[in-house]
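Computed from the coordinates by the stated procedures, all read-outs in this text should not be read as laboratory data. Values in this document were obtained by computation on a predicted structure and should not be read as measured data. Heads up, the Cβs are rebuilt from the backbone with ideal geometry, glycines too, and the neighbour counts pull from every protein chain shown.
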Ligand code: RIB
């Protein structure tokens, strides 16, 4: 009977279901899953390790066929005790830092370099970085790219230009208060949500984009082309990532012993109207 056969269910754990980056990722998974009659079960545990553990345990009880994990808080312990012990295939992606088994990454460092070179070529030298207080490894690579390009241009990093906040629109909104105290003329925001929050914070302070600040985001979420001015950003192929993540997980489910796969996907700069030459 149907129930004793494979449930054809996969679990997907993302850090923030409210961020369009992750909803597009999920759409990519769904598109592919539907073709092979799989059902994805989606969880956003808001970075709470206890909630995540609970979801993983419940999914295992319900005989999930595999897991796609983007959350940073699923650690080695969960992997060893819950997933490996129960022989649950999984694929790691995005904010999850572990180096175990199949993984998909995008080229974060190159992405940050593209964003920074763009601003420097426009003449900006005082470039603020707005990024999360507790950066996951992929966002640390963006920070590394920021530092590397400053070094390449022989620009001393300025402490007040490193603005940390929470990785949400609200975080970006709050960062505006810090930004206006600095001599920055440009901002590299670690993701588009931060950039969009900044838009509002800066507007409330009478500042204009790009006249007072050029801003580059990261992700190219669907919203970024509809904000005013449309946001220059670094695109991650997130829909594609969802599709590939699903395919790779199914390959793993079918062939548990095969060698681990590590995939690095490219990113690209999308230039819109939030950046301009420094006058
Ligand atoms: O917008 C969510 C961000 O967190 C993205 O940049 C993605 O890479 C994730 O790490």
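Does the stretch 108-235 classify as rounded, prolate or oblate by the C-alpha gyration tensor (a ≥ b ≥ c root eigenvalues; a/c under 1.5 gives rounded; else a/b over b/c gives prolate, otherwise oblate)?
Details: a/c = 1.32, a/b = 1.20, b/c = 1.11.
Rounded.
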Nearest-ten-degree value, helix 49-61 long axis tilted from longest Cα axis of the chain = 30
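DSSP beta bridges in the chain, what fraction antiparallel, as a percent rounded to 5?
In the chain, approximately 10 percent of DSSP beta bridges are antiparallel ones.
Which length gain, in nm to one decimal place, applies between residue 203 and residue 258 when the Cα-Cα distance is subtracted from 0.36 nm times their residue separation? Display every interim value, and only then the final one.
On the way: separation 55, 0.36 × 55 = 19.80 nm, distance 5.31 nm.
Result for the pair: 14.5 nm of gain on full extension.
So for 116, 34, 79, fewest C-beta neighbours within 10 Å to most, what's the order? Let's see the in-between values first.
Numbers: 116 26, 34 12, 79 20.
Listed from fewest to most nearby Cβ atoms, that is 34, 79, 116.
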How big, in percent, is the set of alpha carbon pairs in the chain lying more than 27 Å apart?
-> 41
Output row, site residue 8, 7 Å Cα→C-beta label point, backbone N cut-off 20 Å, window the stretch 216-255, residues 243-255
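By counting other Cβ atoms within 10 Å of each Cβ, how are 182, 271 ranked from fewest to most? Show your work: numbers first, answer last.
On the way: 182 16, 271 12.
Neighbour counts put them in this order, fewest first: 271, 182.
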Once the piece of chain linking residue 137 and residue 37 is laid out straight, how much longer is it, given 0.36 nm per residue of separation minus the C-alpha distance between them?
-> 32.7 nm
Most fluctuating residue given options 260, 112, 45, as computed from a GNM of the chain linking Cα atoms under 10 Å = 260
Got the relative contact order for the stretch 176-279 handy, in percent, Cα pairs under 8 Å and 6 or more residues apart?
-> 30
Residues in the stretch 48-91 near a label at residue 265, defined as backbone nitrogen under 14 Å from the 7 Å Cα→Cβ point?
-> 69-70
Which of 178, 134, 159 moves the most in a Gaussian network model of the chain with Cα springs under 10 Å?
-> 159
Please arrange 90, 146, 173 by counting, for each residue, the other beta carbons lying within 10 Å of its beta carbon, fewest first.
-> 173, 146, 90
Relative to the longest principal axis of the chain, what angle (0 to 90°, nearest 10) does the C-alpha long axis of helix 137-152 take?
-> 30
So how far, in whole Å, is the C-alpha centre of the stretch 191-209 from the one of the stretch 138-158?
-> 22
In degrees from 0 to 90, rounded to the nearest 10, what is the angle of the helix 192-204 Cα long axis to the longest principal axis of the chain?
-> 40
For the chain, modelled as a Gaussian network with Cα springs under 10 Å, which listed residue fluctuates most, 21, 246, 38?
-> 38
